[in-house]
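In what follows, a structure is listed as structure tokens, so that the remarks can point back to it.
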Amino acid sequence: EDPSSSSLTQNSVVPELPGFYYDSEKNRYFRLLPGHNNYNPLTKESIEYKAMECKRLRLLEEEEKQKKKTARAGLNSSVLLQKRQLGLLSSRSYCRMVHELKVNCMQRKKIEIHSPDSSAAGTNNFKTIVADVACERIFTVSDVEHGGCKYGIINLRGLGKESLTVEMYDNLYFTNRKVNSVCWASLTHPDSHVKLCLMGIAETPGCASLLPASLFSSTNPGDRPGMLCSFKISTAWSCAWCLNPQADNCFSTGLTRRVLVTNVVTGHRQTFNIVSDVLAQQFATQTPMLYNGCRSGEIFGLDVRQRNHKGQSWKAIRLFHDSAVTSLRLLEAERYLMAADMAGQIKLWDLRTAKCVKQYRGHHNESTVLPVHVNEEEGLLTAVGQDCYTRIWSLQDAQLLRTIPSPHPTSKDAIPSVVFSSRLGGSRGVPGLLMAVKQDLYHFSYN
């Protein structure tokens, strides 16, 4: 009899004893300690962390050996090409399935970050990266060693097939407050500015700021423009920029029990009072609608043109999750809305019927505001869980295609931030996934 199978059978029937942990390697029970001591602490948290770290290292080893399997049995490039030539697949379906195959073959490579300020690159931990619409630049928020946050912009033009280098430009100041939310804003031209929401500390209130992207450049610092606007607010949880001509030059801020819509040019503000904190927001582009995801689990839409804000009658649509909603993404036709929550659920809602039509399973979240990324052209959904795993699903049938472990040990302050695009660096860019974790930036390139 195989000793390993015997061991597995034995371990599967070992009874659980309250307050004890069974170690299969040593074949004995150990007492679980309520806290830490000075010698060999054995707690439930340390056991779970050890198991997670072993799993992460095993998956990393498998990736290095290129033990890749397609998510669908019998699916490969030759079969796809044959079906395409026989007319069994449309051009759209063929491209989507090719992306699905390529995602399973992506390989991790570290990117060299260069900066005019030699002390800027590699000294701070990446917290958030957000790509502009063209995926030519990435706005970064980094945690500074002595506290606070620092901002920067990474230019992806150097991310070619031959080289893996990028240029990073930092601003000349940093904030000692936490950045809760960030988004690109198109004021004078596409993605000309960056919208930041800062959390208040002690007696200092929160702040919403609109910074010109040209502030982060290699030109003479004396020629750089200053902050366009900044105003004090209560704790800001989310923000979004409106690209609809019917609400031009407007941005929204999700506050504690309020939604604030501000026109940058005129300074006019609208306030919508609600009963929960707004953790996620997104504007529609075809209609003047703003969708909001709340800590209570409610998702509602509002028409920013209306003037009567009394009661709840101004809510155009209402959807409900069982936990706090942390991310919202509208699909192109704006008939469907993707929503993720703190229970790890990712749901696709049909806005015409107000019903959930798909669920994407496997995401892990318990208490963190984590975004989801929808790439409709490639037919992919990407999300990073609180367990630090990056998961990619098929947008069409919700099948989990790949689970990518973090290159760094799992911890609350090392959750990766990712960007996926088939055109990283612009219209002639390279496809793949960018991952920022700790002080490093990685490119998962198509093989």
Picking from TYR336, TYR389, which residue would you name as being aromatic (Phe, Trp, Tyr) and over 20 Å from ALA414 (Cα atoms)? TYR336
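So that you can scan it fast, the table gives a plain yes or no per residue for (1) open to solvent by 100 Å² or more (accessible area, probe 1.4 Å); (2) out of contact with any Asp or Glu (no Cβ under 9 Å at 6 or more places or on another chain); (3) at pLDDT below 65; (4) within 30 Å of LEU101 (Cα to Cα):
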position: SER6; (1), (2), (3), (4): no, yes, yes, no
position: VAL14; (1), (2), (3), (4): no, yes, no, no
position: GLY19; (1), (2), (3), (4): no, yes, no, no
position: TYR22; (1), (2), (3), (4): no, no, no, no
position: TYR29; (1), (2), (3), (4): no, no, no, no
position: LEU59; (1), (2), (3), (4): no, yes, no, yes
Does segment 366-384 hold any residues that are assigned to a loop (DSSP other than H, G, I, E, B) and either at pLDDT 95 or above or open to solvent by 20 Å² or more (accessible area, probe 1.4 Å) (or both), and which are they? GLU366, SER367, THR368, VAL369, PRO371, GLU376, GLU377
Quick one: would you say ARG318 is modelled with pLDDT under 90 and basic (Lys, Arg)? no
Filter segment 240-275 down to the residues that are in contact (Cβ under 8 Å) with a residue 24 or more places away in the chain, open to solvent by 30 Å² or more (accessible area, probe 1.4 Å) and part of a strand (DSSP E or B) and list them by number. ARG258, THR271, ASN273
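Residues are listed down the side, and each one gets a yes or a no for (1) under 12 Å from VAL141 (Cβ atoms); (2) modelled with pLDDT under 70; (3) open to solvent by less than 70 Å² (accessible area, probe 1.4 Å):
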site	(1), (2), (3)
ASN171	yes, yes, yes
LYS178	yes, no, no
SER186	no, no, yes
HIS193	no, no, yes
LEU198	yes, no, yes
LEU210	no, no, yes
MET227	no, yes, no
SER230	no, yes, yes
So HIS364 clears everything in (1) out of contact with any Gly (no Cβ under 6 Å at 6 or more places or on another chain); (2) under 18 Å from LEU279 (Cα atoms) except one condition, right? Which one? (1)
Just to verify a result, which residue in segment 414-428, among those that are out of contact with any Leu (no Cβ under 8 Å at 6 or more places or on another chain) and farther than 17 Å from THR128 by Cβ, is most open to solvent (accessible area, probe 1.4 Å)? ARG428
With the condition kept exactly as written, say whether any residue in segment 349-357 is touching a residue at least 24 places away in the same chain (Cβ under 8 Å), under 16 Å from the mean Cα position of the chain (by Cα) and open to solvent by 30 Å² or more (accessible area, probe 1.4 Å). no
For ASN125, only one of the following conditions fails: (1) touching a strand residue (DSSP E or B) at 6+ places or on another chain (Cβ under 6 Å); (2) at pLDDT below 85. What is its number? (2)
Wholly within segment 408-447, strands (runs of 3 or more DSSP E) carrying at least 2 residues that are closer than 24 Å to SER367 by Cβ and not basic (Lys, Arg): 417-424, 430-437
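The values are calculated or read from the model by the stated rules, or taken from the named source; none is laboratory data. Note that the coordinates shown come from a computational prediction; the quantities given were computed from them, not determined experimentally. Neighbour counts run over all protein chains shown; Cβ positions are idealised from the backbone, glycine included. With ligands, DNA and RNA removed, areas are computed over all heavy atoms of the protein, side chains included. Shrake-Rupley method; radii C 1.70, N 1.55, O 1.52, S 1.80 Å.
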